[in-house]
Amino acid sequence: MAFHNPDAFWYLLAIPVFALAGVLFGMIARRDRKRFAEPALFDALASSTSEVRRGFRTAFFYAGLAFLVLAMTEPRFGTKTEVVKRAGVDVVIALDTSFSMLAEDVKPNRIAQAKHEIARLIDSLTGDRCALVVFAGKSYVQCPLTTDYGASKTLLDFVEAGIVPIPGTDIGSAISESLDLLGRGSEAGGESQIILLFTDGENLQGDPADMAKKAAGKGVRIITVGIGTPGGELIPIRAEDGNLEGYKENKSGEKVKTSLDEESLKKIAAITGGAYLRQRGGEVDVNAVLDEIGSMKKADMNERKISRLKERYQIPLGFSLACLLAWISVGERRRDSRRDDRRARS
């Protein structure tokens, strides 16, 4: 047995207080009776009162209060099996980990800001499954579809620029890997699947529009989130202690400047009927992403059987009502046998 509201047991302390108050009022009433009439006269007037009936009424009253308190504790015992279904959306978050994400036109840098926004987004999910794909010149699944948001954020913490050993930026590969992940691990249809693409949009390999069309063919929307600024910034090279050692250079020895490619990201989103969002003022409008997810059809992800304790407050509540009704119904006066005999003879 368990009690959902055990603090209610403290109300039991009020019952002896009521009982003590009843004794005190009884003593006051007896004192007042002595003033009203002589004891012999009062005994004659009150001869029809039954002390036994009065005792029963008192017992019913306090028993009713005790059972009422027990009902307030919400006792639970016995088990019942329930089938719990979970409905939601499958969300794949693809994060660009190419070296261009080290640019500091967004503080502290692009990838750190992207990870911050993704963590905020995961914290805001309720019931939806999320997965994490990291990409540069190739794509990998960092975290499969799960509702364990704590595990997702832990794996996100390990992501850094250069985690993918193949350099470059292949956005098409990220979309392809995300679609494959949804195909392998999701039973939901495309109307309940979405890809969130966090990148600066600088694509160095292939044409991501082709993979966007493939996603659109499956009914999967893509929301692109632009991280960086159109003006661009050099890519710093820092030592382990954080000190600046120089800037990334191309094969010709020229410093590489990376810029946010908004047009490409808008095109990808438009092909799939998604949306393009840009980081502004240091943050992405996470609510806009949640609104997109909230507007999607919720799919039944899984169901499981769970055992719960049955609520049994009805039992003590029923006893309480019965006792209080008995308290009201039982009178204090004994039946007058002589009066009954006269009625029978008449």
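Descriptive notes on the structure:
- Looking only at residues of segment 186-208 that are touching a residue at least 60 places away in the same chain (Cβ under 8 Å) and more than 24 Å from I111 (Cβ to Cβ), we find that the one that is surrounded by the fewest Cβ atoms within 10 Å (Cβ to Cβ) is E187.
- Residue in segment 76-86 that is modelled with pLDDT of 85 or more and assigned to a helix (DSSP H, G or I) present: no
- Residue within segment 91-100 that is modelled with pLDDT of 70 or more, surrounded by fewer than 10 Cβ atoms within 10 Å (Cβ to Cβ) and assigned to a helix (DSSP H, G or I) present: no
- Note on segment 264-286: residues that are touching a residue at least 12 places away in the same chain (Cβ under 8 Å) and in a helix (DSSP H, G or I) total 9.
One line per residue, one yes/no per condition, for (1) part of a helix (DSSP H, G or I); (2) modelled with pLDDT of 70 or more; (3) among the small types (G, A, S); (4) closer than 30 Å to L321 by Cα:
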{"position": "L13", "(1), (2), (3), (4)": "yes, yes, no, yes"}
{"position": "A19", "(1), (2), (3), (4)": "yes, yes, yes, yes"}
{"position": "V23", "(1), (2), (3), (4)": "yes, yes, no, yes"}
{"position": "R31", "(1), (2), (3), (4)": "yes, yes, no, no"}
{"position": "V52", "(1), (2), (3), (4)": "yes, yes, no, yes"}
{"position": "G55", "(1), (2), (3), (4)": "yes, yes, yes, yes"}
{"position": "A59", "(1), (2), (3), (4)": "yes, yes, yes, yes"}
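- Extreme residue, farthest from D200 (Cα to Cα), among residues of segment 272-295 that are aliphatic (A, V, I, L, M) and crowded, with 20+ Cβ neighbours inside 10 Å: I293
- Qualifying residue in segment 111-133 (condition: at pLDDT below 95, farther than 26 Å from E191 by Cα and in contact with a strand residue (DSSP E or B) (Cβ under 6 Å, 6 or more places away or on another chain)): no
- If only residues of segment 226-255 that are in a loop (DSSP other than H, G, I, E, B) and touching a residue at least 40 places away in the same chain (Cβ under 8 Å) are counted, the one that is nearest to the chain's Cα centre (by Cα) is I227.
The values are calculated or read from the model by the stated rules, or taken from the named source; none is laboratory data. These figures come from a predicted structure and were not determined experimentally. Methodologically, a virtual Cβ is constructed for each residue, glycine included, from the backbone with ideal geometry; neighbour enumeration extends over all protein chains shown.
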